[in-house]
Amino acid sequence: QVQLVESGGGLVQAGGSVRLSCAASGGTFRNYAMGWFRQAQGKEREFVAAITGSGGGTYYADAVEGRFTISRDNAKNTVSLHMNDLKPEDTAVYYCAASFKWTVVTDAYDYWGQGTQVTVSP
């Protein structure tokens, strides 16, 4: 069983930056692909970014490509999401998730954190 805890959300102005972190425990971290997802109020949860277990591969949703960067530190069992040039439409609860396989499909992720709110003001 893997436990995931996100941190780093908050209120930021449009154009600003935020760094989210996710700490994992209870499993062999490097064996999991990690993903970030988000859910805006009234909308379905959507994929944001993913990174392979080794950290050598990443993939981004079109909406965040070039603005967000996902990274991981397997020695510290953490995954981060650096978000730059934030827009009001980035406002959402952000979740980190772990998967036994490389995927961007929401339902394919096996473990989820509780989420952290990011609010971008105009």
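Here are the numbers for the structure shown:
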read-out: For a label point 7 Å along the Cα-to-beta-carbon line of Ser17, residues of the stretch 48-65 with backbone N under 18 Å; value: 64-65
read-out: For the stretch 1-77, the spread of Cα positions along each principal axis, largest first, Å; value: 36, 24, 22
read-out: R0 of 25 Å, Cβ-Cβ distance Asn31-Asp62: FRET efficiency to nearest 0.05; value: 0.30
read-out: Listed residues Ser99, Ser25, Ser71, most fluctuating in the chain (Gaussian network, C-alpha, under 10 Å); value: Ser25
read-out: Accessible area expressed per residue, the chain, with surrounding protein chains retained (probe 1.4 Å, Å²); value: 50
read-out: Dmax and Rg, reported as Rg then Dmax, of the stretch 26-122 (C-alpha, Å); value: 12.9, 41
read-out: Share of carbon and sulfur in the accessible heavy-atom surface of the chain [1.4 Å probe, %]; value: 46
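The values are calculated or read from the model by the stated rules, or taken from the named source; none is laboratory data. Predicted model only: the values in this text are computed from it and were never measured. Cβ sites come from the backbone with ideal geometry, for glycine too, and all protein chains shown count toward neighbours. We work out accessible area using only protein heavy atoms, side chains counted, and drop any ligands, DNA or RNA first. Shrake-Rupley method; radii C 1.70, N 1.55, O 1.52, S 1.80 Å.
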